[in-house]
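Notes follow once the structure below has been shown.
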Amino acid sequence: MSATTTTTVAVVQLAPVLGDVPGNRRRALEAVTAAAAAGARVVVLPELVTTGYCFTDAEQARTLAEGIDGPSVAALVATAARHDLVVAAGLALLDEAGVLRNSAVLVDATGVRAVYHKVHLWGREPEIFTAGDAAPPVVDTAHGRIGLLVCYDLEFPEWVRRVALDGAELVCAPVNWPDPGRPAGERPVEVATAQVAAATNRVFVAVADRVGEERGTSWIGGSVVAGPDGYPLALSALDGRAQTLLAPCALAEARDKSVSRHNDRLADRRPHLYT
């Protein structure tokens, strides 16, 4: 991929309905198909997109979760194959041992390319899910070298840096960002954090947030695609609408870590002083 080749990346902002797995799956697949028709080659869906988020307890989540061989992943693979896409989606998964995980999958026309179990759990999530204990994957695809994180993972600089050190050009992040409110006129700090993560690692970052209200929780709806300079290439209007944002991304630019004639984001690191 040359530095002038662009890949259109879409972040799909939906309003999942708690417990409506078939309906959520259908709406997600329709949105992915529409994004492909608009020219997207990489599509990112929100965290826990087929189940919703505000579970009563682990048992409720378990009744809604699927295995990696379940219908949601199969449908995502089929849709990716039909439209020559890479799709990243957040799902409630039962792993091979039957352990309940807050996960993300990366699929393309060839099948499942990566499964990642969220390492940094937020709020009540530890009561529901078991945290992952493996490094985030970075995968070579037909549409770029892609890393996978989930929501709160973005707020740990070491974790995003690890993906960058592994050569990711694009970091896909399904998220559910609860809205705690903010001072008038200010952008959500979560959006700013994603932009900073892009800039400090000189990678593209694509975040798909959700909207709607669920058991008294509302959501930021702060979907964003940020370039390696940290500035947004596509940004939600923060108006609570379901929407799809598309951004042309010259992913090869993320291979250049220089920030001036004399400085390089990765080469200037001094890891022996960080321990």
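Computed from the coordinates by the stated procedures, all read-outs in this text should not be read as laboratory data. Here the structure is a predicted model, which is why all the values come from computation and not from measurement. Every residue, glycine as well, gets a Cβ built from its backbone with ideal geometry; the counts of neighbours run over all protein chains shown.
Could you work out how far helix 21-37 tilts from the main Cα principal axis of the chain, as a 0 to 90 degree angle to the nearest 10?
It is inclined by approximately 40 degrees.
Does segment 137-275 classify as rounded, prolate or oblate by the C-alpha gyration tensor (a ≥ b ≥ c root eigenvalues; a/c under 1.5 gives rounded; else a/b over b/c gives prolate, otherwise oblate)?
In terms of gyration-tensor shape, prolate.
For segment 100-214, just say rounded, prolate or oblate: build the C-alpha gyration tensor, square-root its eigenvalues into a ≥ b ≥ c, call rounded for a/c under 1.5, and beyond that prolate if a/b exceeds b/c, oblate if not.
Cα axes put segment 100-214 in the oblate bin.
With just the Cα atoms of the chain, tell me how far they stretch along each of the three principal axes, in Å, largest first.
55, 41, 40
Using a Förster radius of 30 Å, what is the FRET efficiency between Gln60 and Thr33 based on their Cβ-Cβ separation? Nearest 0.05, please.
Here the calculated transfer efficiency is 0.50.
Residue separation times 0.36 nm, minus the C-alpha to C-alpha distance between Arg215 and Arg255: what's the value?
The span from Arg215 to Arg255 would gain 10.1 nm if fully extended.
Among DSSP beta bridges whose residues both lie in the chain, state the antiparallel percentage, nearest 5.
Of those bridges, close to 65 percent are antiparallel.
Any idea what the relative contact order of the chain is, in percent, if you count C-alpha pairs under 8 Å spaced at least 6 apart?
For the chain, the relative contact order is 21 percent.
If each residue's Cβ is checked for other Cβ atoms within 10 Å, how do Ile146, Ile68, Ile220 rank with the fewest at the top?
Going from least to most buried by this count: Ile68, Ile220, Ile146.
What is the antiparallel percent of DSSP beta bridges lying wholly in segment 102-255, to the nearest 5?
Counting only bridges with both partners in segment 102-255, antiparallel ones make up about 70 percent.
With a 10 Å cut-off between alpha carbons and a GNM built on the chain, which of Leu148, Leu14, Leu121 moves the most?
Looking only at Leu148, Leu14, Leu121, the largest GNM fluctuation is found for Leu121.
Which of the trypsin sites (Lys or Arg not before Pro) across segment 132-235 are loop residues per DSSP, with 15 or fewer other Cβ within 10 Å?
The qualifying sites are Arg215.
How high is the relative contact order of segment 167-211, given as a whole-number percent (alpha carbon pairs under 8 Å, six or more residues apart)?
Relative contact order, segment 167-211: 63 percent.
Give the residue list of chymotrypsin sites (Phe, Trp or Tyr not before Pro) in segment 204-275 that are DSSP loop and have at most 10 other beta-carbon atoms within 10 angstrom.
Tyr274
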